[in-house]
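The values are calculated or read from the model by the stated rules, or taken from the named source; none is laboratory data. These numbers were taken from a predicted model, which means no experiment stands behind them. Cβ: placed from backbone, ideal geometry, glycine included. Neighbour counts: every protein chain shown. Remember, those area values only see protein heavy atoms, side chains included, never the ligands or the DNA or RNA. Shrake-Rupley method; radii C 1.70, N 1.55, O 1.52, S 1.80 Å.
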Amino acid sequence: MSESLVVHHKTALVIHGGAGVMSRSSMSAETEATYLASLNEALDAGNAILQQGGTAREAVIASILVLEDSPLFNAGKGSVFNAEGGHELDASIMEGHTSKAGAVAGVRTIKNPILLAEAVMEHSPHVMLSMDGAEVFADTQPDIKRVAPDYFDTAHRLEQLHKTQAEERASASQDLK
């Protein structure tokens, strides 16, 4: 009689909602629930890949795509404005067991920068491409979706930009006195 050994691997998928600080005390219960639901959606997307036997890389990308497509986070749609009122997005990915890595920085029209970072890792001799070079490389990749720069705009982020600009103007006028 033979016994089969079943090994159950525990996995952990850890995400965060982006750079910056948001205190729970500044959010309504409804807003907090909306953010938590989106974070859970990202975790569920990655976990579904793992449950289907997918790779860690595929799971990470699935989770990041949810964050990049959500206007709540600053990983894509909903990105923070730069000083000129535009968006410059970055993404990177690395596989520890192969030491392969890919990254993009300062892209302005790439809907999902994580997919371009993966393409850099898989289809270029480089580890990182930035700005115009990354955008030109994107044109060689048929699966990379391009969007108009205003795709990333949200009213919330525009309000933040205007508030920051007003604070900078007020600070500059105080410095002149």
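May I ask for the Rg/Rh ratio of the chain, computed from Cα atoms with Rh as the Kirkwood radius, given to two decimals?
On the Cα set of the chain, Rg over Rh gives 1.08.
Measure off 7 Å from each Cα along the Cα-to-Cβ vector at Ser99 and Arg146, then give the distance between these two points in nanometres to one decimal.
With each label placed 7 Å out from Cα toward Cβ, I get 3.6 nm.
Provide the percentage of antiparallel DSSP beta bridges, counting only those with both residues in the chain; round to the nearest 5.
70
In whole Hz, what ³J(HN,Hα) sequence does segment 148-158 give by Karplus (6.51, -1.76, 1.60; θ = phi - 60°), x for Gly and Pro?
5, x, 6, 4, 7, 5, 9, 4, 4, 5, 5
Can you tell me the accessible area per residue over segment 65-177, all protein chains present, probe 1.4 angstrom, in square angstrom?
Counting only protein heavy atoms, the per-residue value for segment 65-177 is 57 Å².
What residue among Gly46, Gly17, Gly133 has the largest mean-square fluctuation in a Gaussian network model of the chain, using Cα springs under 10 Å?
Gly133
Could you derive backbone 3J(HN,Hα) for segment 29-45 from the dihedral phi with the Karplus parameters 6.51, -1.76 and 1.60 (θ = phi - 60°), listing whole Hz in sequence and x where the residue is Gly or Pro?
Calculated HN-Hα couplings, in order: 4, 5, 5, 4, 4, 5, 4, 4, 5, 5, 4, 5, 4, 5, 4, 4, 4 Hz.
Whose amide H sits under 5 Å from the amide H of Lys100, counting only residues 5 or more places off or on another chain, with H placed in the peptide plane?
The answer is Glu95.
Give the residues of segment 19-37 whose amide nitrogen is closer than 12 Å to a point set 7 Å from the Cα of Gln174 in the direction of its Cβ.
Output list for this probe position: empty.
Comparing Glu88, Glu30, Glu58, which has the greatest mean-square fluctuation in the GNM of the chain with Cα pairs linked when under 10 Å apart?
Result for the chain, Cα springs under 10 Å: Glu30 fluctuates most.
Figure the gain on full extension for Ala48 and Leu36 (residue separation times 0.36 nm, minus the Cα-Cα span) and round it to one decimal in nm.
2.5 nm
Going by amide H atoms built from the backbone, whose H comes under 5 Å of the H on Ser130, apart from near neighbours?
HN-HN under 5 Å from Ser130: Ala105.
Using the Cα centre as the reference, give the magnitude of the dipole from point charges on the C-beta atoms of the chain (Lys, Arg: +1; Asp, Glu: -1; all else neutral), rounded to the nearest 20 debye.
220
Which ³J(HN,Hα) values, rounded to whole Hz and listed in residue order, are derived for segment 74-90 from phi using the Karplus coefficients 6.51, -1.76 and 1.60 in 6.51 cos²θ - 1.76 cosθ + 1.60 with θ = phi - 60°, glycine and proline given as x?
With the stated coefficients, segment 74-90 comes to 9, 9, x, 4, x, 4, 5, 6, 7, 4, 8, x, x, 10, 10, 9, 10 Hz.
Who wins for biggest fluctuation among Ala12, Ala138, Ala101 in a Gaussian network model of the chain, springs between alpha carbons below 10 Å?
Ala12
What net charge do the residues around Thr55 carry, taking every other residue with its C-beta under 15 Å from that of Thr55, with Lys and Arg at +1 and Asp and Glu at -1?
-2
Please state the relative contact order of segment 19-177 as a whole percent: Cα pairs under 8 Å, 6+ residues apart?
With pairs under 8 Å counted, the relative contact order is 17 percent.
Which residues' amide hydrogens lie under 5 Å from the amide hydrogen of Lys145, considering only partners 5 or more residues apart or on another chain, with H built in the peptide plane?
Lys111, Asn112
If you fit an axis through the alpha-carbon atoms of helix 56-69 and take the longest principal axis of the Cα set of the chain, what angle between them do you get, 0 to 90°, nearest 10?
For helix 56-69, the angle is close to 30 degrees.
What is the Cα coordinate range of segment 35-83 on the first, second and third principal axes, sorted by size from largest, in whole angstrom?
43, 20, 10
How many percent of the accessible area of segment 107-153 is carbon or sulfur, using a 1.4 Å probe?
56
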